[in-house]
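The values are calculated or read from the model by the stated rules, or taken from the named source; none is laboratory data. None of these values were measured; they are calculated from a predicted model. Please note: Cβ atoms are built from the backbone with ideal geometry, for glycine as well, and neighbour counts cover all protein chains shown. To get the accessible areas, we keep the full protein, side chains included, count just its heavy atoms, and leave off ligands, DNA and RNA. Shrake-Rupley method; radii C 1.70, N 1.55, O 1.52, S 1.80 Å.
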Amino acid sequence: MTHYVIIGDGISGSSAAETLREKDPEAKITVITDEGEPLYNRILIKEHAKGKLPEAPISIHDEGWYEERDIDLSLNTHVTSVDTDARIVHTHEGDELEYDKLLVATGGTPTQLPVDNSDADGIHHFWTFQDARAIREHADQADKGVIVGAGLLGIDFAAVCGAQGIEADYLMRGDRWWRYALSADGAEIMHEGMRDVGVEPVFDSGVDRFETDDDGHVTAAVDPNGERYDCDFAGVAIGLTFNTEYLQGAGLEEDNGIVVDEYMQTNVDDVYAAGDITRFYDVLLGEQAQNGSWGSAKEQGRIAAVNMAADEEAEAFEWVSSYSITHFDFPFLSFGHPTLGDEHAERKYSDTEWRRIAFKDGKIVGGVLIGDLSPQSKFKQLMREQREVADQAEVLLEQEVDLDELAAPQEQ
Amino acid sequence: MASSELPSSEHASRPLRLECVESIPAGTTTRHVDQLDTETLDTFYAALDGDRSLLEADTDLEIGEVIVFTEYYRVDHV
Ligand SMILES: Cc1cc2nc3c(=O)[nH]c(=O)nc-3n(C[C@H](O)[C@H](O)[C@H](O)COP(=O)(O)OP(=O)(O)OC[C@H]3O[C@@H](n4cnc5c(N)ncnc54)[C@H](O)[C@@H]3O)c2cc1C
């Protein structure tokens, strides 16, 4: 009987466990997580932190879910090392688990700012349900906030401050929010959204150090220009550090993440990886890529499991991811790899509508839609078909996108 | 004919509506919009714009669940 061991019970690990049980009813399956609760909805914890959503709807699996599927679940168990020659997983309690096939699905941990007092009381990072509970409780009592990290996770802190009535300064490096994917026009719409909820974007800033009171609670952030921003609440979201420490010596190829092919196989036999932690071969892009989104992590878990159970390269990962921001009156959707590409086309349609498409070698590789999200499925379809359309950007920038107006694809 | 007597194909194409709700009671299935598949997402956006009616058969939405978008939307039969 094959023993599958999955490290991590986020959406990638959990979706792999579910698929493995479907594909291999007789197998032994073990899921190990260092969190104290089974899979929950990580993309809804921000709604809890905002004070809007109660805890119950955020849970996805209870322990019974694993029992019903005869899956062994180890909560509060930290994997400390993996011996890939002996095929043994070691845990912090000294337990050893032998595996036949292993899935690494351990995601990342928010990176701390390398500045003085960055671990002071009142400074929050946001990844787990426990983080969300602490943020909610503190935000409810806080008055003045500082946010650092001008990306997709930083903006969740802005939304928390807005919803919890915290007046906040959002300190950004550079002249706009998410400068790698948005031009000034697109970013300005987001800045207005922040201002509308009481969060002021501050440009060409950042944090040089935090100041604290005698009890070690944050009182201010000082930026590199020497400007001081009072705060009793701070949110830091400057990126993720992948949880690979326990894999030292395991022989897995790493490149800021675990390198896998399109079948989620690492370079070590019978070791697979899935979810945020992977640097995977993106068949649509034609190169290695990374992705931090729920849908992509879930699909990678499923694909890894299909190939683990089949014991061959049965199905490749082919996926266009998307990531929404739903905090403001207008919606925002980023799809594919909006920060990549060698060419871009964009248009502003109104004070709350904007679109940008990124092309590589003439093909769409990603984009950002603000306000009107309706063209998303058409752009994703063109990505899946790998159509060369950069020279017809005008059609793609029409308010109503009609794919029939595109010239017929050339025979390859 | 009572709705329970409808042939299953007619059941499946019953129109749905999205009702904006302020709060979510415990026990309500709740999904973020990023959990919807591309086709469901498309119909969801169109239904919000009033462009298209939402048919049960075209989506993976479930009656009673709440979708978190710029508002919280409860899925119901029309
Ligand atoms: C606040 C927030 C908002 C987000 N919003 C969105 C959104 O709107 N849309 C979207 O698509 N995505 C969003 N994301 C991203 C999305 O949640 C992730 O891409 C996805 O959950 C990644 O899943 P995963 O299974 O790869 O990793 P994770 O969910 O991080 O799971 C990894 C698990 O492994 C455990 N682990 C780590 N190391 C060990 C070890 N040594 N031993 C045992 N267990 C270990 C961790 O504790 C964790 O439980 C958001 C993320 C956050 C934090």
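What the table below lists for this structure:
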{"quantity": "Among (1) free of Cβ contacts under 8 Å to residues at least 40 places away in the same chain; (2) over 21 Å from B:GLY27 (Cβ atoms); (3) under 26 Å from the mean Cα position of the chain (by Cα) - the single one A:MET1 does not satisfy", "calculated": "(3)"}
{"quantity": "Test: residue in the stretch A:43-52 that is in contact with a Gly (Cβ under 7 Å, 6 or more places away or on another chain) and open to solvent by 10 Å² or more (accessible area, probe 1.4 Å)", "calculated": "no"}
{"quantity": "Candidates A:ASP223, A:ASP208, A:ASP230 - the one that is of a type in the set (D, E, K, R) and farther than 15 Å from A:LEU113 by Cα", "calculated": "A:ASP230"}
{"quantity": "Single residue of the stretch A:126-157 satisfying the filter (assigned to a helix (DSSP H, G or I) and among the basic types (Lys, Arg)) that is surrounded by the fewest Cβ atoms within 10 Å (Cβ to Cβ)", "calculated": "A:ARG133"}
{"quantity": "Index of the failed condition, A:SER81 passing every other in (1) buried (at least 19 other Cβ atoms within 10 Å of the Cβ); (2) within 10 Å of the ligand (Cβ to nearest atom); (3) more than 29 Å from A:PHE157 (Cβ to Cβ)", "calculated": "(1)"}
{"quantity": "Test for A:GLY94: is it within 15 Å of the ligand (Cβ to nearest atom), at pLDDT 95 or above, not assigned by TED's automatic domain parsing to the domain that holds A:GLY154 and not in a strand (DSSP E or B)", "calculated": "yes"}
{"quantity": "Residues that are in contact with a Ser or Thr (Cβ under 8 Å, 6 or more places away or on another chain), within 15 Å of the ligand (Cβ to nearest atom) and either assigned to a strand (DSSP E or B) or open to solvent by 30 Å² or more (accessible area, probe 1.4 Å) (or both), drawn from the stretch A:55-75", "calculated": "A:ILE60, A:ASP72, A:LEU73, A:SER74, A:LEU75"}
{"quantity": "Residue satisfying all of: in the stretch A:11-25; of a type in the set (A, V, I, L, M) and open to solvent by less than 10 Å² (accessible area, probe 1.4 Å); nearest to the ligand (Cβ to nearest atom) among these", "calculated": "A:ALA16"}
{"quantity": "Residue check for A:HIS48: within 13 Å of chain B (Cβ to nearest Cβ) and farther than 25 Å from A:ASN267 by Cα", "calculated": "yes"}
{"quantity": "Per-region count, the stretch B:40-78, residues in a strand (DSSP E or B), open to solvent by 40 Å² or more (accessible area, probe 1.4 Å) and either more than 13 Å from chain A (Cβ to nearest Cβ) or among the hydrophobic types (A, V, I, L, M, F, W, C) (or both)", "calculated": "2"}
{"quantity": "Residue within the stretch B:21-39 that is closer than 23 Å to A:PHE328 by Cβ, of a type in the set (A, V, I, L, M) and facing another protein chain (nearest Cβ under 7 Å) present", "calculated": "yes"}
{"quantity": "Output for the stretch A:222-246, where each listed residue is touching a Phe, Trp or Tyr at 6+ places or on another chain (Cβ under 8 Å) and either away from the ligand (no atom under 16 Å from the Cβ) or not hydrophobic (A, V, I, L, M, F, W, C) (or both)", "calculated": "A:VAL222, A:ASP223, A:GLY235"}
{"quantity": "Checklist (1) in contact (Cβ under 8 Å) with a residue 24 or more places away in the chain; (2) within 13 Å of another protein chain (Cβ to nearest Cβ); (3) crowded, with 19+ Cβ neighbours inside 10 Å applied to A:GLY8, failing item", "calculated": "(2)"}
{"quantity": "Subset of the stretch A:367-412 that is in contact (Cβ under 8 Å) with a residue 40 or more places away in the chain and in contact with a Gly (Cβ under 7 Å, 6 or more places away or on another chain) - its residue that is surrounded by the fewest Cβ atoms within 10 Å (Cβ to Cβ)", "calculated": "A:ALA390"}
{"quantity": "Where A:THR19 falls short, out of the listed (1) within 11 Å of another protein chain (Cβ to nearest Cβ); (2) under 19 Å from A:ASP311 (Cα atoms)", "calculated": "(1)"}
{"quantity": "Subset of the stretch A:274-309 (residues that are surrounded by fewer than 19 Cβ atoms within 10 Å (Cβ to Cβ) and within 13 Å of the ligand (Cβ to nearest atom))", "calculated": "A:GLN290, A:GLY292"}
{"quantity": "Candidates A:THR266, A:THR241 - the one that is open to solvent by less than 50 Å² (accessible area, probe 1.4 Å) and among the polar types (S, T, N, Q)", "calculated": "A:THR266"}
{"quantity": "Residue list for the stretch A:310-325, restricted to those being open to solvent by 60 Å² or more (accessible area, probe 1.4 Å) and within 16 Å of the ligand (Cβ to nearest atom)", "calculated": "A:TRP319"}
